[in-house]
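Report on the structure given below.
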Amino acid sequence: GAVVSQHPSWVICKSGTSVKIECRSLDFQATTMFWYRQFPKQSLMLMATSNEGSKATYEQGVEKDKFLINHASLTLSTLTVTSAHPEDSSFYICSANPRGSPLHFGNGTRLTVT
Amino acid sequence: KQEVTQIPAALSVPEGENLVLNCSFTDSAIYNLQWFRQDPGKGLTSLLLIQSSQREQTSGRLNASLDKSSGRSTLYIAASQPGDSATYLCAVPYSGGGADGLTFGKGTHLIIQP
């Protein structure tokens, strides 16, 4: 079945540094991928829609200059958390869907900013 | 704005019991509804997807129903097992159609006692 691979699964970084998270569709092409964030005991919240070859669409309240999204190919989208702060610590998950199929999710990335 | 609510927030039952998880949504103009399972620190596994034209879907011991007009869905788990312990999430498309992300409920944290 369709697989979405997310890397890394966890990362610890110091405040002020940047972290890049990758989301790959392994056996299908995805013109659109989605990035979510989940705080402890909270629901997943859509951050942005990543569009291959064009700018990402950000949801209200999500800073596009802080969360840089690049979707340079049909199988890869990256989310870069720039100048990370402790409040950015969260669980980040990406998703994509093969044509005509439900969304498939990556296993998520646990980001801890110290 | 679509809001998804899940009740109960947590549930702990002995092994073997049948149980029902509830999901409600405020905007009934959805074209499908999905139930997911999330294990601690992990991504999401899609369990069932119900199209708006359907009233229910079944997969093994799981049965999901959808009543679009009343904005409700239920997930029925038969003969529960300890391996069913996880957080169960209900989600609907973010807006009216197209390649959308999802709006999630906060989930029901389920513990099945051996």
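I need a count of the residues in the stretch B:19-36 that are under 19 Å from A:F34 (Cα atoms) and surrounded by fewer than 19 Cβ atoms within 10 Å (Cβ to Cβ).
Keep residues of the stretch B:19-36 that are under 19 Å from A:F34 (Cα atoms), which gives B:30-36.
Those still in the list that are surrounded by fewer than 19 Cβ atoms within 10 Å (Cβ to Cβ) too: B:31-32.
The number of residues fulfilling the criteria is 2.
Any residue that is touching a Gly at 6+ places or on another chain (Cβ under 7 Å), within 21 Å of B:L48 (Cβ to Cβ) and open to solvent by less than 40 Å² (accessible area, probe 1.4 Å) - is there at least one of those in the stretch A:68-91?
No.
Report yes if some residue within the stretch A:51-65 is open to solvent by 80 Å² or more (accessible area, probe 1.4 Å), among the charged types (D, E, K, R) and closer than 22 Å to B:P93 by Cα; otherwise report no.
Step one: list which residues in the stretch A:51-65 are open to solvent by 80 Å² or more (accessible area, probe 1.4 Å), which gives A:55, A:60, A:63-65.
Filter once more, keeping what is among the charged types (D, E, K, R): A:55, A:63-65.
If we keep only those that are closer than 22 Å to B:P93 by Cα as well, we get A:55.
Yes, the stretch A:51-65 has at least one match.
Taking the condition of being hydrophobic (A, V, I, L, M, F, W, C), away from chain A (no Cβ under 14 Å) and within 30 Å of A:A48 (Cα to Cα), how many residues in the stretch B:49-85 meet it? Lay out the reasoning, then the answer.
Of all residues in the stretch B:49-85, those hydrophobic (A, V, I, L, M, F, W, C) come to B:49-50, B:62, B:64, B:66, B:75, B:77-79.
Add one more test, that the residue is away from chain A (no Cβ under 14 Å), and what stays is B:62, B:66, B:75, B:77-79.
Adding the requirement that they be within 30 Å of A:A48 (Cα to Cα) leaves B:66, B:75.
Matching residues across the stretch B:49-85 total 2.
I'd like to check something: does the stretch B:58-71 contain any residue that is in contact (Cβ under 8 Å) with a residue 40 or more places away in the chain, under 30 Å from A:Q60 (Cα atoms) and open to solvent by less than 40 Å² (accessible area, probe 1.4 Å)?
yes
Let me spell it out: the conditions are (1) surrounded by 14 or more Cβ atoms within 10 Å (Cβ to Cβ); (2) within 14 Å of chain A (Cβ to nearest Cβ), and B:L110 meets all of them except one. Which number is the exception?
Condition (2) is where B:L110 drops out.
Which ones in the stretch A:42-90 are out of contact with any strand residue (DSSP E or B) (no Cβ under 9 Å at 6 or more places or on another chain) and among the acidic types (D, E)?
Within the stretch A:42-90, A:E63, A:D65 meet the criteria.
Filter the strands (runs of 3 or more DSSP E) completely within the stretch A:1-48 down to those with at least 2 residues that are among the polar types (S, T, N, Q) and either more than 11 Å from chain B (Cβ to nearest Cβ) or open to solvent by less than 50 Å² (accessible area, probe 1.4 Å) (or both).
Numbers: elements: A:4-7, A:10-13, A:19-25, A:32-38.
Once the strands (runs of 3 or more DSSP E) in the stretch A:1-48 are filtered for at least 2 residues that are among the polar types (S, T, N, Q) and either more than 11 Å from chain B (Cβ to nearest Cβ) or open to solvent by less than 50 Å² (accessible area, probe 1.4 Å) (or both), what remains is A:4-7, A:32-38.
The values are calculated or read from the model by the stated rules, or taken from the named source; none is laboratory data. If you're wondering where the values come from, they're calculated on a predicted model, not measured in any experiment. Backbone-built Cβ (ideal geometry, glycine too); neighbour counts: all protein chains shown. With ligands, DNA and RNA removed, areas are computed over all heavy atoms of the protein, side chains included. Shrake-Rupley method; radii C 1.70, N 1.55, O 1.52, S 1.80 Å.
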